[in-house]
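Comments concern the structure below.
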Amino acid sequence: KYFHQILLFWEEKMKQKIIIDTDPGKDDALAIILASNSNLFDIKAITTVAGNASIENVTKNARYILKLLGLNIPVYSGEKNSNKKLDSIVQGKNGLSGITNNLKADLTKNAVKKILELIEKNPYEITIVAIGPLTNLAKAIKKSPEIMKKIKRIVIMGGALNVRGNQTKYSEFNFFEDPLAAKVVLDFPTEKILISLDVCNKIMLQISDFEKISNNKVRKFCLKIMKEYIPYILRTEGFNGALMYDPLTVYSLINPSACKFKKLKLSVIPYGINEGQLIEDEKGNEILFVKNIDKIKFKQDFIQILSKEETLLNSKELKDLGEETKQK
Ligand code: RIB
Ligand code: CA
């Protein structure tokens, strides 16, 4: 028993400490489940940022996802994002269409403060997984660059280098929503990994893949949110399947050996017609750009990790997953 406790202690100690900065968002929801179920991360906090939906809705959705998973991870919301442009239609109404979410937003508006506190408390140990617009991170850098220098690294989902953007032809949604923030973060000298549309457009899941998830509760939740997401992706982006933007970002930490990295000097155009465009820039910061991710390995690992039984969807929330799940 004592040996088991020691083992648990070290297992906990070995977990990567992460903060997930997110705008849930259906693919954000899958990324949070993947990170939590992988058991590789000590998720210190979820910080929310307006993007796929308003700050109220993305914060409500973050709370909903954690409640479903039975996780008591703190949620700290960003401020009202004055320069938020538009909601992302692929995520449907309120950012998590298909789910009835009666939770409150409870905006704490202290995401930036909490990010800085956590980094100060865990110097050189925190990885920030940034899967929404980079507003909170840019504010944290501006507020205290010396604390942000103590970050271990930032793993970012954003940008489109040699492929068309998905918001304008130049820029990808997260960078488009707050292009100046994207520039501030990419120009900040710390280790960064970037997952862009260049790799995300190559990997998509079909309903048949989600049906392979053996954890009933997670499968029902995924099917519920993917039912609309897939047709929206086809209609708006012309890809036939569920693009896995944010889960791939988490996966680059779960299984880096399945990824091909390339060091590139990159920056972001902050203003003008191609605002938010990711560019190669000799004066830019060197960033680990993910050129490729093994599709077979990702799909296998994604389904295997989401199938783990640790995820305890609580029964009340299960009812909200809708009647048709009973007929299944
Ligand atoms: O362009 C895709 C990104 O924008 C993903 O993070 C998606 O969730 C939205 O935030
Ligand atoms: Ca996102």
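About the Cα centre, and with charges only on the beta carbon of Lys, Arg (+1) and Asp, Glu (-1), how big is the dipole of the stretch 28-126? Nearest 20 debye, please. Can you show the working numbers first?
Values: 13 positive and 9 negative charges, 65 e Å.
Charge dipole of the stretch 28-126: 320 debye, to the nearest 20.
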TODO: Would you order ASP23, ASP28 from fewest to most other beta-carbon atoms within 10 Å of each residue's own beta-carbon?
DONE: ASP28, ASP23
TODO: Multiply the residue separation of LEU180 and LEU8 by 0.36 nm, subtract the distance between their alpha-carbon atoms, and state the gained length in nm to one decimal.
DONE: 57.6 nm
TODO: Just add up the charged neighbours of LEU197: K/R +1, D/E -1, any other residue whose Cβ is under 13 Å from the Cβ of LEU197.
DONE: -1
TODO: Amide H neighbours of LYS192 under 5 Å, at least 5 residues apart or on other chains, H built in the peptide plane: list them.
DONE: ILE154, LEU288
- [ ] Tell me which residues come under 5 Å, amide H to amide H, from ASP281 once H is placed; ignore anything under 5 positions away on its chain.
- [x] LYS265, LEU266, SER267
Task: With eigenvalues of the C-alpha gyration tensor scaled by 5 and rooted, the chain, Å - done: 28, 24, 20
- [ ] Using θ = phi - 60° and the Karplus relation 6.51 cos²θ - 1.76 cosθ + 1.60, list the HN-Hα couplings for the stretch 4-18 in order, rounded to whole Hz, with x at every Gly or Pro.
- [x] 4, 5, 4, 4, 4, 4, 5, 4, 5, 4, 6, 5, 6, 7, 10
TODO: Nearest 5 is fine: what % of DSSP beta bridges in the stretch 119-263 come out antiparallel, could you say?
DONE: 20 percent
Open item on the list: If each DSSP helix of 4+ residues adds -39,500 (n - 2.57) and the sum is divided by the residues in the chain, what number results at 222 nm, nearest 500 deg cm²/dmol?
Closed with: -12000 deg cm²/dmol
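Of LYS17/LYS104; LYS67/LYS139; LYS1/LYS299; LYS104/LYS224, which sit over 30 Å apart, Cα to Cα?
LYS1/LYS299
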- [ ] Calculate the spin-label point distance for LYS109 paired with LYS143, positioning each point 7 Å from the Cα along the beta-carbon direction, and give it in nanometres.
- [x] 1.2 nm
Open item on the list: If I model a spin label as a point 7 Å beyond the Cα along the Cα-Cβ vector, how far apart are those points for ARG153 and LYS169 in nm?
Closed with: 3.5 nm
TODO: Give the distance, in whole Å, between the Cα centre of the stretch 101-169 and the Cα centre of the stretch 238-255.
DONE: 19 Å
- [ ] Excluding residues on the same chain fewer than 8 positions from LYS263, give the lysines whose Cα lies under 18 Å from its Cα.
- [x] LYS152, LYS183, LYS192, LYS283, LYS291
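Give the order of SER252, SER257, SER307 when sorted by the count of other beta carbons within 10 angstrom, beginning with the fewest. Provide the component values of the computation, followed by the final result.
Details: SER252 22, SER257 6, SER307 16.
Ordered from fewest to most neighbouring Cβ atoms within 10 Å, SER252, SER257, SER307 come out as SER257, SER307, SER252.
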- [ ] Kindly write out, for the stretch 214-221 in residue order, the coupling ³J(HN,Hα) from the Karplus curve 6.51 cos²θ - 1.76 cosθ + 1.60 (θ = phi - 60°), rounded to whole Hz, with x marking Gly and Pro.
- [x] 7, 6, 3, 5, 5, 4, 4, 4
Task: Most positive-pole-ward Cα, GLY158, LEU253, LEU186, against dipole of the chain from beta carbon charges - done: LEU253
- [ ] Could you bin all the Cα-Cα distances of the stretch 140-255 into 5 Å bins starting at 0 and give me the percent of pairs in each, rounded to whole numbers?
- [x] 2, 10, 17, 19, 17, 14, 9, 8, 3, 0
Task: FRET efficiency, PHE239 to ILE273 (Cβ-Cβ, R0 22 Å, nearest 0.05) - done: 0.30
- [ ] Pop out the ³J(HN,Hα) list for the stretch 113-127 in order, Karplus 6.51 cos²θ - 1.76 cosθ + 1.60 with θ = phi - 60°, rounded to Hz; leave Gly and Pro as x.
- [x] 4, 6, 4, 5, 4, 5, 5, 5, 6, 10, x, 6, 10, 8, 9
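None of the figures in this text is laboratory data; all of them are computed from the coordinates on show. Predicted model, so just to flag it, every value in this text is computed and none were measured. Heads up, the Cβs are rebuilt from the backbone with ideal geometry, glycines too, and the neighbour counts pull from every protein chain shown.
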